[in-house]
Amino acid sequence: RQLGEKRPKLKRTLIGVYISNEENSKILGIGIDELVSQRLLDGLRSGPLYWVDVADSQPCIGTGGIVAWSLKAYGKMFHSGLPHKSINPIELAMAAVQYMQDRFYADFPPHPEEARYGFATPSTMKPTQWSFPGGSINQIPGEASVCGDCRITPFYDVEKVMKKLKSYVDHLNSEGSGALEALPVRGPCSKYVLPDEDLRGRLELTFFDSFSKGIACNLDSEGAWMGQSVPLFLLERRGRRKEACGGRPKR
């Protein structure tokens, strides 16, 4: 603000880039991602870049990546008075999400670098929304969906996470794996396979259009100190650009 009001003569050109769609996942093609895709920020690669997007406190030293997912479960619609003749997709989705979470946390456990950077949480996978087509309360629906996201610390590859999630669902759908039959059921009438009818529950995983990778500044690079123990680090991203960051990670 002071630079804009007083307009001092500077030896360097200062460019401000403002985030316009940080919390948006429906309207794409705007904000930082679109500036990058159109190569409008290429001229800034020589840096330095000050990343000051941490609510209201101080420059940032890292951020997590994100991938949003949707899991649709297909079962068999039937009257709720005869649940043994149905495949309840809501129960199937619940069991499948638990299965996926168990495998996710085994494959992507807390990383040692997370404590060093001060991340409040490790990488996480969780559901955030549930839906089904609708119908009578005494009717078991034929399908149901659950959506959620994964927040991935920058020490794991987001694209690898996506491949792993897909492999979990493929394993459940594979008839030869026995994984679907091994899922925990909800009571003596709950089941995900009806052998007499040659019917099996089925799962379909999709990802939303955009995902982002996390970034971690190089804490061992040359830097300066602001006040008491508030580092301002210069990040050299190999072959890309220098960034000045400091403070704490953003989730």
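The figures follow:
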{"read-out": "Residue in the range 120-134 that is modelled with the lowest pLDDT, counting only those that are open to solvent by less than 60 Å² (accessible area, probe 1.4 Å) and over 17 Å from VAL158 (Cα atoms)", "value": "GLY134"}
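Residues checked against (1) touching a His at 6+ places or on another chain (Cβ under 9 Å); (2) surrounded by fewer than 19 Cβ atoms within 10 Å (Cβ to Cβ):
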residue: MET77; (1), (2): no, yes
residue: SER86; (1), (2): yes, no
residue: PRO89; (1), (2): no, no
residue: MET94; (1), (2): no, no
residue: GLN98; (1), (2): no, yes
residue: PHE104; (1), (2): no, no
residue: PHE108; (1), (2): no, no
residue: HIS111; (1), (2): no, yes
residue: ARG116; (1), (2): no, yes
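The values are calculated or read from the model by the stated rules, or taken from the named source; none is laboratory data. Nothing here was measured: the structure is a model prediction, and the numbers come from that model. Methodologically, a virtual Cβ is constructed for each residue, glycine included, from the backbone with ideal geometry; neighbour enumeration extends over all protein chains shown. Just so you know, the surface numbers come from the protein's heavy atoms only, side chains and all, with ligands and any DNA or RNA stripped out. Shrake-Rupley method; radii C 1.70, N 1.55, O 1.52, S 1.80 Å.
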